[in-house]
Amino acid sequence: VQASRQESYTEDFIKKQIEEFNIGKRHLANMMGEDPETFAEEDIDRAIAYLFPSGLFEKRARPMMKHPEHIFPKQRATQWGEDGRPFHFLFYTGKQSYYSLMHDVYGKVMQLEKHRGPLSASAESRDLIGSRWLIKEELEEMLVEKLSDEDYAQFIRLLEKLLTLPCGPAEEEFVQRFRRSVTIQSKKQLIEPVQYDEQGMAFSTSEGNDIPQRDCVRRRHSDTDGAWAAALQNTLALLALLLLH
């Protein structure tokens, strides 16, 4: 029985597929009456869905036109020489890219701990708001290797250990390779003070910068707002008095 293995694709084959994809993309853009130079992947998906409507529940069975880099898996270059000897000393671990990366991170941790003075023994806190760690699938794609959940967890723990040390610019840049930016709007949002209109009515505004439109919300403050706040304050004071007795 022939052993199952991942099919290998030559560089010339991938290059030819990319050329055919670009030709097909130009034809598709012309059919839709759009500029081929600015015809993006989202435009391709929209055009395919319009030209080939499908009611199949399984999305992977529907017509698609993806870039060859998304269809054919990434492959590593030749890992051994003509004499059959592997180039990398971690080849026989089966995950040479992963263990090589762990080796590099651990080396940085050891180097920073060695040069850390006695006054900097406490862990440093860094503001990581606005970014996240790579998920396991993203790390696998970067390394072109399959990882277990434990492999991924150990790698993240080691990076977090590195961040507790007094890192320099080089270490900070190294760590950022494994983080992705996320949008945090709460850090940018400003709370406007209460304003008054021509009739003396209190109101406050709040704006949102969500694309593709800008939203503005205006809330009027009625006369009962102050009375309700005063009643709440009196109720809390009464509860505190009852608890003391």
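The values are calculated or read from the model by the stated rules, or taken from the named source; none is laboratory data. In this text the structure is predicted, and so the values were computed from the model without any measurement. Reconstructed Cβ throughout: ideal geometry from the backbone, glycine too, with neighbour counts over all protein chains shown.
Each row is one residue, and each column tells you yes or no for (1) modelled with pLDDT of 80 or more; (2) assigned to a strand (DSSP E or B); (3) touching a Leu at 6+ places or on another chain (Cβ under 6 Å); (4) surrounded by fewer than 16 Cβ atoms within 10 Å (Cβ to Cβ).
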residue: Glu141; (1), (2), (3), (4): yes, no, no, yes
residue: Leu147; (1), (2), (3), (4): yes, no, no, no
residue: Tyr152; (1), (2), (3), (4): yes, no, no, no
residue: Glu171; (1), (2), (3), (4): yes, no, no, no
residue: Gln189; (1), (2), (3), (4): no, no, no, yes
residue: Glu192; (1), (2), (3), (4): no, no, no, yes
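When we screen His88, His103 for residues that are modelled with pLDDT under 85 and either surrounded by 11 or more Cβ atoms within 10 Å (Cβ to Cβ) or farther than 19 Å from Glu171 by Cβ (or both), the only hit is His88. Of all residues in segment 23-42, those that are assigned by TED's automatic domain parsing to the domain that holds Met64 and among the aromatic types (Phe, Trp, Tyr) have Cβ atoms under 9 Å from Cβ atoms of residues that are modelled with pLDDT of 90 or more and assigned to a helix (DSSP H, G or I), 6 or more apart or on another chain, in Phe39/Lys25; Phe39/Arg26; Phe39/Leu28; Phe39/Ala29; Phe39/Ala47.
Taking segment 147-171 only, how many residues are among the hydroxyl-bearing types (Ser, Thr, Tyr) and either touching a Cys at 6+ places or on another chain (Cβ under 8 Å) or under 23 Å from His115 (Cα atoms) (or both)?
Residues of segment 147-171 that are among the hydroxyl-bearing types (Ser, Thr, Tyr), as a first pass: 148, 152, 164.
After this cut, where a residue has to be either touching a Cys at 6+ places or on another chain (Cβ under 8 Å) or under 23 Å from His115 (Cα atoms) (or both) as well, the list is 164.
Residues in segment 147-171 being among the hydroxyl-bearing types (Ser, Thr, Tyr) and either touching a Cys at 6+ places or on another chain (Cβ under 8 Å) or under 23 Å from His115 (Cα atoms) (or both): 1 in total.
Taking first residues from segment 131-144 that are within 11 Å of Arg179 (Cβ to Cβ) and partners that are among the hydrophobic types (A, V, I, L, M, F, W, C), the Cβ contacts under 6 Å between residues at least 6 apart in sequence or on separate chains come to Arg132/Val182; Trp133/Ile156; Leu134/Phe178. Count of segment 37-64 residues, restricted to those that are under 14 Å from Asn22 (Cβ atoms), in contact with a helix residue (DSSP H, G or I) (Cβ under 7 Å, 6 or more places away or on another chain) and at pLDDT below 90, is 0.
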